[in-house]
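Readers should treat all values here as calculations from the given coordinates under stated rules, not as data from a laboratory. Only a predicted model underlies this, so the values are computations on that prediction, with no experimental measurement involved. Here Cβ is always computed from backbone atoms with ideal geometry, including for glycine, and neighbour counts include all displayed protein chains.
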Amino acid sequence: MWEYLRRFGIGEPTGVEFPGEAAGTLRPSAGWTQVDLAMASLGYGLSATGLQLARAFCAIAADGLLPKPHILKRDEREVHRVASAGACATMQEILGRAVETPDVPDHVADVPGFGVAGKSGVSVKGTSTGYSPDRTVETMVAFFPWWHPEYLVLVVYDEPSAPFGARGSTAASTAR
């Protein structure tokens with residue numbers, strides 16, 4: 001898991017032409033325990049910028065090719081393979097089916113006819129003594145159409161007014 005997080009660009013700057021880009025956090029794998037592995041699968045114990053998250057989903061949408069983001073669109077694309085096209089095709093379908101399934105929380109991101117694929121997330125903010133009971137960051141990242149992605153959207157709400165535990169997809173659905 002650590003290797004894939006690194007390959008998808010988590011814990012390192014994207015190289016976008018903007019001064020002061022944050023690297024996010026991905027501790028060295030040598031110190032990971034089974035608990036760290038379980039927590040990382042839920043997004044805890046690491047951090048990523050919105051641009052890193054969008055870039056990682058772009059790689060899934062682009063059959064495993066991780067792009068180098070640019071402030072301005074350029075004709076040339078700088079990419080390198082981080083996962084197989086087959087694995088990414090599977091993830092595209094899983095993320096697409098999750099959004100189109102009515103009893104799944106991410107269903108609120110469904111836009112009929114667009115074939116949206118996506119994943120929501122809620123992160124509890126840390127404090128000097130642990131985690132805050134009422135301060136969260138909620139996200140929804142999606143691309144469409146899931147069978148041939150052309151567009152990617154990332155919505156981030158920093159400390160939304162929705163009650164704790166509200167899913168990023170619920171918060172992000174108000175942006176439609």
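Each helix, a run of at least 4 DSSP H residues, gives -39500 (n - 2.57); summed and divided by the residues of the chain, these come to -7500 deg cm²/dmol at 222 nm. For the pair E159 and L72, the difference between a 0.36 nm per residue extended length and the Cα-Cα distance amounts to 28.4 nm. Here the 3J(HN,Hα) profile of the stretch 111-125, calculated from phi with Karplus coefficients 6.51, -1.76 and 1.60 at θ = phi - 60°, is 10, x, x, 9, x, 6, 10, x, 8, 9, x, 10, 10, 7, 6 Hz, Gly and Pro shown as x.
Within the shell of other residues whose beta carbon sits under 10 angstrom from the beta carbon of G9, the net charge comes to +3, with Lys and Arg scored +1 and Asp and Glu -1. When you count the other C-beta atoms within 10 angstrom of each residue and take the mean per peptide, 92-103, 15-26 line up highest first as 92-103, 15-26. Taking amide H positions as modeled 1.01 Å from N, with prolines and chain starts lacking one, the residues under 5 Å from R81 and 5 or more places away or on another chain are L66.
Using the empirical formula 2.2 N^0.38 Å as the baseline, the Cα radius of gyration of the stretch 82-157 reaches a ratio of 1.30. Highest average first, the peptides 58-65, 128-135 ordered by how many other beta carbon atoms sit within 10 Å of their residues are 58-65, 128-135. Amide H contacts of T14 (H built 1.01 Å from N, in plane; Pro and chain starts excluded): no residue 5 or more places away or on another chain comes under 5 Å. Using the Cα gyration tensor of the stretch 1-46, with a ≥ b ≥ c the square roots of its eigenvalues, what is the shape: rounded (a/c below 1.5), prolate (a/b larger than b/c) or oblate (neither)? Prolate shape, in that a/c is at least 1.5 and a/b is the bigger ratio. Annotation: the stretch 13-91 has a Kirkwood hydrodynamic radius of 14.2 angstrom, from the mean reciprocal C-alpha pair distance. Binning the C-alpha pair distances of the chain at 10 Å intervals from 0 yields a P(r) profile of 9, 34, 40, 16, 1 %, listed from the shortest bin outward.
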